[in-house]
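Report on the structure given below.
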Amino acid sequence: VQLQAFGGGLVQPGGSLRLSCAASGSLFSFNDMAWYRQTPGKPRGLVASITNGGTTTYADSVKGRFTISRDNAKNTVYLQMNRLKPEDTAVHYCFTVAVAAGYDYDYWGQGTQVTVSS
C-alpha cells in the first residue's frame, strides 16, 4: 500500500489550501481515511477522519474551517482547509486503515508541510 499526499505549501493567514492523498495497493480496500498533523516536539494529532460510509470527525480546533471528503472510486481523501491560522502550521500526514483477507493494516503517507504565515 502506498499513500501519496499533495497540496501543502505556504499561505497567508485567512487563506485556503486543499490537501489530497491517494491510496493504492492491489487486493486492498480502504476503510477509515484521515489527516493528522505534527509540530516539532509535539505528538501527532488527529485533524479529521472519514469512514468509507462518509461519517466524519474533526478536531475541535478545525471545526467549521476544514472539510474532509473522499472519493471511494479513486481511493483518495481530501482536506479542504479554509480560514487558515498560523497555529495550523504543521506537517500534515494522511492515514488509512487498509483491509485485505480479513486483516486490518495501518498505513501512513509521507508528510506534507503546511505553513501559515504573513
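The values are calculated or read from the model by the stated rules, or taken from the named source; none is laboratory data. Predicted, not measured: the structure shown is a model, and the values here were computed from it. Every residue, glycine among them, receives a Cβ derived from its backbone with ideal geometry; neighbour counts consider all protein chains shown. In case anyone asks, the SASA skips ligands and DNA or RNA and just uses the protein heavy atoms, side chains included. Shrake-Rupley method; radii C 1.70, N 1.55, O 1.52, S 1.80 Å.
See the values below:
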{"read-out": "Criterion violated by residue 84 - all others in (1) among the aliphatic types (A, V, I, L, M); (2) assigned to a strand (DSSP E or B); (3) open to solvent by less than 60 Å² (accessible area, probe 1.4 Å); (4) modelled with pLDDT of 95 or more satisfied", "value": "(2)"}
{"read-out": "Cβ-Cβ under 6 Å pairs, at least 6 apart or on other chains, the range 54-74 side in contact (Cβ under 8 Å) with a residue 12 or more places away in the chain, far side basic (Lys, Arg) and surrounded by 12 or more Cβ atoms within 10 Å (Cβ to Cβ)", "value": "65/83"}
{"read-out": "Any hit, the range 53-63, residues being in a loop (DSSP other than H, G, I, E, B), farther than 16 Å from residue 9 by Cβ, modelled with pLDDT of 95 or more and open to solvent by 60 Å² or more (accessible area, probe 1.4 Å)", "value": "yes"}
{"read-out": "Residue list for the range 64-81, restricted to those being of a type in the set (A, V, I, L, M, F, W, C) and part of a strand (DSSP E or B)", "value": "66, 68, 77, 79, 81"}
{"read-out": "Leading residue by the ranking (least open to solvent (accessible area, probe 1.4 Å)) among those in the range 1-49 that are in a loop (DSSP other than H, G, I, E, B) and free of Cβ contacts under 8 Å to residues at least 60 places away in the same chain", "value": "39"}
